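Shown next, in structure tokens, is the structure this report addresses.
The values are calculated or read from the model by the stated rules, or taken from the named source; none is laboratory data. What you see is a predicted model, and the numbers here were worked out from it, not measured in a lab. So basically every Cβ, Gly included, is an ideal-geometry build from the backbone, and we count neighbours across all protein chains shown. These area figures cover heavy atoms from the full protein model, side chains too; ligands, DNA and RNA do not enter into them. Shrake-Rupley method; radii C 1.70, N 1.55, O 1.52, S 1.80 Å.
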Amino acid sequence: MIPSQKRQVFSRGWKLGAVSFLISINGLLVASTEHMEKSDVIELGTRRELFVDDALIDRLDNATLRLHEPVRAGVALKIDRPWEGPGNFGSVIIRHQGRYLLYYRAMTLAPGDDSGQICVAVSADGVNWGKPGLASDERSCRTDANLVTDSTDSHFNGIVWQDTRPGIPEDERIKALRGVPISGEAHTAFKDPKGPKRLELLVSADGLVFRPLEAARQPTFVSDLPNSFDGGNTMFWSEAEQRYVLYYRIMTETGRRTMARTTSSDLRTWSDPIPMTYGETPPEQFYVNNTTPYFRAPHLYIALAARFMEGRSAVTDEQAKAIGLVSPRGIIYNRDCSDGVLLTARAGTTQYQRTFMEALIRPGPGDGNWTSRTNYPLTGIFPYDASRMMFFVNRNYLQDSWHIERLLMRTDGFASVNAPYAGGGMVTVPFTYTGDHLVINYATSAAGEVKVELQDANGNPLPGFTFEDCDVLIGDRIDGPVSWHGQKSLARYIGKPVRLSFKLMDADIYSFQFPLE
């Protein structure tokens, strides 16, 4: 038995009939469950659950939720064209018809160049990127600029997203959004017009040339929240909610940058926007949110958000001069610093979970990434190979060394339930499932192991599926099947409230699922 003084206990109470109460068993708080109301049982179906929050965790015993860091995987894109410059900024990557499209603002900061032009880079594998010749660049007189245009061959400005709703015409599958000031005043990279802004949509067949959606189909949505649409706006079709969801930048009354959420069934009529909350955490500023449904669990929205630490300086004026930091429009860009953090939200909610206050993406070594508004992630998380996923981040903002870096991480591997060599455990809340068997994403050391027990809603081991019956899991598997004396099928308990109890030794569990096959 693990010594009680070394236990880290996490427990929640459950509503039992008309009352809620807890009892203590061997130093652990455990819900006493003579009978449990149906509303307290989560219906999992066949969906995958990641341990990015505590929604499925009832108890942790000498185990913790651990945040993992991505691995730096090299430069994806850098400045090498005359229309690009230190004001470049990557925004989003989509995958369409077998290729990746990376959209970024190109801005030289030459006199008059403060609005930015939207460029695109193309890749077959997410590793090697090319810049297609699409349009003319007036400043350099080159005709092979990778500039995205609209249907009038004019400058394009908008945030691109992919509409995955079934039945969408293929020539409207790629869309873009932008906030248009009602005042008519221009919105540039360094100036956000005050007052209300209306939402405007554009569509494209190839992601290279866009046209405005017809006036009769344009959104009627107007936001009068401060700082609306200033940056980091994200829209998608939610499979879980069966609605379009938009997260967009706003500012609180105290001047703190944050996000609001609104939804629509038809892209035209939208719900009243609701500012997102973050639970009982210190107030922080988020410049961009990058919220998207996770590709293996679309009911979970992953937000690779940029945390802006205003007034927190790590680079002196002399160091800023040495790295060639540009501070345009009188703004001093070595007075702040930024990193990337993990926010998560469940479909239909207006609260981001801050399970981890620590950074997911740190600035890293070198003064170049310790300046203002760098280390901002791009929207888009993609499978890379059989065991890893990839996403991207801006580096060295307002420097000639600006680039976009590719990051790799274990599939489902944002966070895990982790136990040390001494051993630990985790018990889930009660749930039902509709799949046939259990698979878990886990990793152990050579000396470590994982064992799983299936319990009823009261925490009683189910015959044949106890820890003693479980075939010990050793190794590293993304979808490792669990068996008990070689038996994998759990069909007999489909639709019945159960719990999972895990015993871990020098091991991590990242996710679990009850698939149909």
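Those residues that are part of a loop (DSSP other than H, G, I, E, B) and either surrounded by 18 or more Cβ atoms within 10 Å (Cβ to Cβ) or basic (Lys, Arg) (or both), I need them from the range 327-365; list them, please.
First pass over the range 327-365, keeping only residues part of a loop (DSSP other than H, G, I, E, B): 327, 331-336, 347-350, 352, 354-360, 362-365.
The answer is TYR333, ASN334, ARG335, ASP336, TYR352, ARG354, THR355, PHE356, LEU360, ARG362, PRO363.
Which of the numbered conditions does VAL52 fail, given that it passes all the others? Conditions: (1) at pLDDT 95 or above; (2) outside any strand (DSSP E or B); (3) surrounded by fewer than 14 Cβ atoms within 10 Å (Cβ to Cβ).
VAL52 satisfies every listed condition except (3).
Only residues in the range 277-298 that are within 20 Å of GLY90 (Cα to Cα) count as the first member; pair them with residues that are basic (Lys, Arg) and surrounded by fewer than 19 Cβ atoms within 10 Å (Cβ to Cβ), Cβ under 7 angstrom, at least 6 apart or cross-chain, and list the lot.
Once the first residue is within 20 Å of GLY90 (Cα to Cα) and sits in the range 277-298, its partners that are basic (Lys, Arg) and surrounded by fewer than 19 Cβ atoms within 10 Å (Cβ to Cβ) give GLN285/ARG256.
From the list GLY179, GLY184, GLY207, GLY167, pick out the single residue that is touching a strand residue (DSSP E or B) at 6+ places or on another chain (Cβ under 8 Å) and part of a loop (DSSP other than H, G, I, E, B).
On the way: GLY179 fails: part of a loop (DSSP other than H, G, I, E, B); GLY184 fails: touching a strand residue (DSSP E or B) at 6+ places or on another chain (Cβ under 8 Å); GLY167 fails: touching a strand residue (DSSP E or B) at 6+ places or on another chain (Cβ under 8 Å).
So the residue among GLY179, GLY184, GLY207, GLY167 that is touching a strand residue (DSSP E or B) at 6+ places or on another chain (Cβ under 8 Å) and part of a loop (DSSP other than H, G, I, E, B) is GLY207.
Does any residue in the range 481-495 that is surrounded by 13 or more Cβ atoms within 10 Å (Cβ to Cβ) come within less than 8 Å, Cβ to Cβ, of a residue that is part of a loop (DSSP other than H, G, I, E, B) and among the basic types (Lys, Arg) six or more places away or on a different chain, and which pairs are these?
PRO481/LYS488; VAL482/LYS488
Only residues that are small (Gly, Ala, Ser) and under 29 Å from PHE295 (Cβ atoms): list them for the range 484-500, please. Don't jump to the end; show me each part of the working.
Keep residues of the range 484-500 that are small (Gly, Ala, Ser), which gives 486, 489, 491, 495.
Residues satisfying the conditions are SER489, ALA491, GLY495.
Considering only the range 298-313, state which residues are over 13 Å from the mean Cα position of the chain (by Cα) and not in a loop (DSSP other than H, G, I, E, B). Reasoning before the result, please.
So in the range 298-313, the residues over 13 Å from the mean Cα position of the chain (by Cα) come out as 307-313.
ARG307, PHE308, MET309, listed by residue number.
If you take the residues in the range 69-90 that are touching a Lys or Arg at 6+ places or on another chain (Cβ under 7 Å) and either under 28 Å from SER387 (Cβ atoms) or among the hydroxyl-bearing types (Ser, Thr, Tyr) (or both), which one is surrounded by the most Cβ atoms within 10 Å (Cβ to Cβ)?
Going through the qualifying residues, I end up with ALA76.
What strands (runs of 3 or more DSSP E), lying completely within the range 397-471, carry at least 2 residues that are of a type in the set (D, E, K, R) and open to solvent by 10 Å² or more (accessible area, probe 1.4 Å)? First the steps, then the outcome.
Numbers: elements: 403-410, 415-419, 424-428, 431-433, 439-456.
Result: 403-410, 439-456.
Looking at (1) touching a residue at least 40 places away in the same chain (Cβ under 8 Å); (2) over 24 Å from TYR104 (Cβ atoms), which one does GLU214 not meet, given that it meets all the others?
For GLU214, the exception is condition (1).
Looking at the range 164-176, is at least one residue closer than 28 Å to LEU109 by Cα, under 24 Å from the mean Cα position of the chain (by Cα) and buried (at least 20 other Cβ atoms within 10 Å of the Cβ)?
Taking the range 164-176 and keeping what is closer than 28 Å to LEU109 by Cα, we get 175-176.
Retained after the next criterion (residues that are under 24 Å from the mean Cα position of the chain (by Cα)): 175-176.
From what is left, the residues that are buried (at least 20 other Cβ atoms within 10 Å of the Cβ) are 175-176.
Yes, that holds for at least one residue.
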